[in-house]
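Okay, so here's the structure we're looking at.
The values are calculated or read from the model by the stated rules, or taken from the named source; none is laboratory data. Worth saying up front: this structure is predicted, and the values here are computed from it rather than measured. Here the Cβ is made from the backbone with ideal geometry for all residues, glycine too, and neighbour counts use every protein chain on show. We work out accessible area using only protein heavy atoms, side chains counted, and drop any ligands, DNA or RNA first. Shrake-Rupley method; radii C 1.70, N 1.55, O 1.52, S 1.80 Å.
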Amino acid sequence: MYHAETWKEKSTLLLSILWPIMVTQLSLYAMNLVDTMMSGRVGTNDLAGVAIGSNLWLPVFTGMNGILLAVTPIIAQLIGRGQKKEITYSVMQALYLAVALAVTVLLIGSIVLKPVLQTMNLEQGVEHIALHYLIGLSLGIIPLFLSNVLRNFFDGQGFTRITMFITVMAVPFNALLNYGFIFGNFGLPALGGIGAGYATAITYWIILLFSILMTFRISSVRNYRIFVEWFKPSLKAWKKQLGIGIPIGLSIFFESSIFSVVTLLMGIMFSAVTVAANQVALSFTTLMFMIPLSISMALTIVVGYSVGGKKLQAAKQYSLMGVLGGVLFLATGAIFLYLFREPIAYLYTEDPKVVAMAGQFFIIAIVYQISDATQAGLQGALRGYTDVKIPFVIALLSYWGIGIPSGYALSAFTNLGPFGLWVGITLGLTCAAIGFFIRLRLVQRRLGQELEHSTVG
């Protein structure tokens, strides 16, 4: 990390941090993609069951991971201020917090999972697959949370290539494990969609082992003595991280949960074919969204580093580059999605009814993805400023105050049917993007005035 001066230097630095994050996110999502595609080859019930299970787990995971994401801006700002000695302590406390969060999720899940699935009135086969998929996945929750702290530790210093290497190494393991557990190869039981949960859990353990290994193998990381220098758990340190992390986690939860709620409503209101078509469209559009999401994560790092070094003009320039870059990518991708929507759907399933309906979902997705890219970039910049509380309120009102209610109303009381839920998502994301833009401008103006006054004084 360094303080770039010119636009060219800034774009070079942003890209150098961005592209490993992008490869990492695409690799992580490739695991989910393999789960969905392989499960779809077993049958529509397996595809729908994995879809329901994934969408119950996704908001929980992203919300908890959002809490741990506080490590990234904390470390970026510590480095920007030259306070590297505090990093080891912060990371070790985050690791303790990760274990506590994982155990909490496991305990709550063991109590509420079955009742939640039963209230959805799913087809019996779909409910069985969703339940046991999540049971298998739960075996990997603790290593997943721990490895995400280490990832944020690497990324906060700008060492995004370390995470990229670890994740790329894990992808073939995940594919082979899926091939074994789903279809019964390599002497493993043929579990269908359920097997995807166990394969993913084992992959999370592999990622953690690689991550721990990197803390000892890479000299620039080894100097921080992670897992060598131990500290007692500190509620004060947890409170600091939670103060930043909880609003981030809740904001991410409210965003990701709207997609999960839409899938769950599909399962309650419509047939397994509709659930499968929704999952196909959601799976591929989420794959495309990995690019704007990666840009958002890179923005948190470079903006946080610039703010820590009191380079506020640089922070504004990074924000502009990142947001426009994400929008431009998805605007270009929209053309591809429109032209090849049905061939893309056939990659997931051979059911012509599912393919036809997925193609219609793709058309609506073209519109909502532009808003999604905009709000993601703006949120990434705001996290770099560690401004997280007001964005959380904006997210709550936009996603749950506007997106879900309007989507349900359009789906239940108009001829749009299941497509009305996606129109509601679009409205919610658009409102969020507008709110985040206004907030970012206010934060930039306030910090600029504070820096000007301190310089004059």
Seminar exercise, completed: Per DSSP, the loop-located GluC sites (Glu not before Pro) within region 1-96 having at most 13 other beta carbons within 10 Å are Glu5
For this session: Tell me the chymotrypsin sites (Phe, Trp or Tyr not before Pro) within region 84-188 that lie in a loop according to DSSP and have at most 12 other beta-carbon atoms within 10 Å.
Result: Phe186
Exercise. Using the Cα gyration tensor of region 358-403, with a ≥ b ≥ c the square roots of its eigenvalues, what is the shape: rounded (a/c below 1.5), prolate (a/b larger than b/c) or oblate (neither)?
Worked result: oblate
Exercise. How much accessible area per residue does the chain have, in Å², with a 1.4 Å probe?
Worked result: 41
For this session: Specify the inter-centroid distance of region 298-338 and region 387-441, based on alpha-carbon positions, in whole Å.
Result: 22
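At R0 = 51 Å, how high is the FRET efficiency between Ile212 and Asn415 if r is their beta carbon distance? Nearest 0.05 is fine.
0.40
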Problem set entry | Tail weight of P(r) past 13 Å, computed on alpha-carbon pairs of region 304-369, percent | 70
Exercise. Roughly how compact is region 396-435, stated as its Cα Rg over 2.2 N^0.38 Å to two decimals?
Worked result: 1.07
Problem set entry | Cα-based shape type of region 133-282, given that a ≥ b ≥ c are square roots of the gyration tensor eigenvalues and the cut on a/c is 1.5 | oblate
Problem set entry | Helix 87-119 axis, angle to the chain major axis (alpha carbon atoms, nearest 10°) | 20
Problem set entry | If the convex hull is drawn through the Cα atoms of the chain, its volume per residue in Å³ | 135
Problem set entry | Intensity falloff of region 298-457 expressed as log10 I(q)/I(0), Debye formula with alpha-carbon point scatterers, at q = 0.14, 0.19 Å⁻¹ | -0.79, -1.12
Problem set entry | Sorted largest first, extent of region 192-274 alpha carbons per principal axis (Å) | 55, 35, 22
Exercise. Once both axes come from the Cα atoms, what is the angle between helix 124-138 and the longest principal axis of the chain, in degrees from 0 to 90, rounded to 10?
Worked result: 30
Problem set entry | Rel. contact order, % - alpha carbon contacts under 8 angstrom, at least six apart, the chain | 22
Seminar exercise, completed: In whole angstrom, the spacing between the Cα centers of region 168-235 and region 109-134 equals 26
Exercise. What is the extension gain from Ser219 to Gln449, computed as 0.36 nm multiplied by their sequence separation minus the C-alpha to C-alpha distance, in nm to one decimal?
Worked result: 78.8 nm
For this session: For Lys10, list the lysines whose Cα falls under 22 Å from its own Cα; do not include residues on the same chain fewer than 8 positions away.
Result: Lys310, Lys311, Lys316
Problem set entry | region 191-240: mean projected area of Cα convex hull, nm² | 5.8
Problem set entry | Where labels lie 7 Å past Cα in the beta-carbon direction, separation of Trp400 and Ala331 in nm | 3.4
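Taking only C-alpha pairs under 8 Å that are 6+ residues apart, what is the relative contact order of region 224-383 in percent? Kindly include the intermediate steps, with their values, before the conclusion.
Values: 133 pairs, mean separation 49.5, N = 160.
Here the relative contact order equals 31 percent.
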Exercise. Against the longest alpha carbon principal axis of the chain, how many degrees, from 0 to 90 and to the nearest 10, is the axis of helix 193-217 turned?
Worked result: 20
For this session: When you have a sec, figure out the Kirkwood radius of region 351-445 from all distinct Cα pair distances and drop it here in Å to one decimal?
Result: 14.2
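Under the rule a/c < 1.5 gives rounded, and otherwise a/b versus b/c splits prolate from oblate, where does region 15-139 land using the Cα gyration tensor? The partial results should precede the final answer.
Values: a/c = 3.82, a/b = 1.79, b/c = 2.14.
Verdict is oblate for region 15-139.
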Seminar exercise, completed: 1/(1 + (r/R0)^6) with r = Cβ-Cβ of Ile268 and Lys8, R0 = 41 Å, i.e. FRET efficiency to nearest 0.05, evaluates to 0.20
